[in-house]
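Here the structure comes first, spelled out in structure tokens, and everything after it is commentary.
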Amino acid sequence: MANYACFCTGCDTFQFAPWGVRKCPACGGRLIQSKVEQWGFESMSQQEKYTTFLPFVEKGTPEYRLLLAGCESHEEVRQLQQKMYEDALRKEQARMQAFSEMTIAFESSFEDAKVVKRGGCIFAEAVVTIPRSLSFDTESGRDYLSEALEKARSLALEKLQEKAFELSCNAVISLDIDYLTLDWERPPAIDASVHIKEDYVICVSARGTAAVIEKVMNS
């Protein structure tokens, strides 16, 4: 289990703990936890370490001032925060650019491109609920269902793109999409002999192969 960097406001020390730990085991004080894992935190400069926790506390609070005290000046804190923001913005822009250029196809081979690397099978699911009271005999009911399915399918494909991107791939090939409808019911808390029908649950399951493809130059 990964350990994340923490700052104890009670004993004024850096610590490492699994995600979600909020209490210092030494003094019982509040732990401010960042999203930086231990290996990355240890490579930071002292000022970067303190600055890492600033986005997680409210400005002007005693905790915020305590973190500022670990930095040489407010200006350096501002510069470090600006650099962190710009780095995060560049990463997000690169991610969105990769998504816009990513190929998603049912095919596994192409006339104008070749597969140069396969990153492995990837899977993604998305779930939507449909009110049981909805009538599919009406145009509004059918439109509601279509929009719900489209939303779930788009979300599942977006998750596939995310997983392909994490594998440094620029395509999802051999795409396959399945739909599963769950018609379930639950017993009420008072009378277990009477079952209450819940809303319909529709699951969209998408799978494919993450791959790196290159365009073929036709002579």
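The values are calculated or read from the model by the stated rules, or taken from the named source; none is laboratory data. Because the structure is predicted, anything quoted here is derived from the model rather than measured. In this analysis, Cβ positions are derived from the backbone assuming ideal geometry, glycine residues included, and neighbour counts consider all displayed protein chains. Side chains included, ligands, DNA and RNA excluded: accessible areas come from the protein's heavy atoms. Shrake-Rupley method; radii C 1.70, N 1.55, O 1.52, S 1.80 Å.
Within region 7-38, restricting attention to residues that are among the aromatic types (Phe, Trp, Tyr) and surrounded by 13 or more Cβ atoms within 10 Å (Cβ to Cβ), which residue is nearest to the chain's Cα centre (by Cα)?
Once the filter is applied, the top-ranked residue is PHE16.
For region 144-174, which positions are over 17 Å from GLU101 (Cα atoms) and either among the aliphatic types (A, V, I, L, M) or under 18 Å from the mean Cα position of the chain (by Cα) (or both)? Talk me through it step by step, then tell me what you get.
Of all residues in region 144-174, those over 17 Å from GLU101 (Cα atoms) come to 144-153, 155-156, 174.
Hits for region 144-174 are LEU145, ALA148, LEU149, LYS151, ALA152, ARG153, LEU155, ALA156.
Can you tell me which residue is most open to solvent (accessible area, probe 1.4 Å) among those in region 80-124 that are more than 25 Å from LYS215 (Cα to Cα) and in contact (Cβ under 8 Å) with a residue 60 or more places away in the chain?
It comes out as PHE123.
Select from region 101-138 the residues that are in contact with a Ser or Thr (Cβ under 8 Å, 6 or more places away or on another chain) and β-branched (Val, Ile, Thr) and write down the one among them that is farthest from VAL201 (Cα to Cα).
Among them, the one singled out is VAL115.
Just to be sure I understand, how many residues within region 125-153 are in contact (Cβ under 8 Å) with a residue 40 or more places away in the chain and touching a Leu at 6+ places or on another chain (Cβ under 6 Å)?
Adding up the residues that qualify gives 1.
All but one of (1) open to solvent by less than 70 Å² (accessible area, probe 1.4 Å); (2) touching an Asp or Glu at 6+ places or on another chain (Cβ under 9 Å); (3) modelled with pLDDT of 80 or more hold for VAL212, so report the exception by its number.
Result: VAL212 fails condition (2) only.
Per-residue answers, yes or no, for (1) touching a Cys at 6+ places or on another chain (Cβ under 8 Å); (2) at pLDDT below 80; (3) assigned to a helix (DSSP H, G or I):
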{"residue": "PHE16", "(1), (2), (3)": "yes, no, no"}
{"residue": "TRP19", "(1), (2), (3)": "no, no, no"}
{"residue": "CYS27", "(1), (2), (3)": "yes, no, no"}
{"residue": "SER43", "(1), (2), (3)": "no, no, no"}
{"residue": "THR51", "(1), (2), (3)": "yes, no, yes"}
{"residue": "GLU58", "(1), (2), (3)": "no, no, no"}
{"residue": "TYR85", "(1), (2), (3)": "no, yes, yes"}
{"residue": "LYS91", "(1), (2), (3)": "no, no, yes"}
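Out of region 176-209, which residues are modelled with pLDDT under 75 and open to solvent by less than 60 Å² (accessible area, probe 1.4 Å)?
PRO188, GLU198
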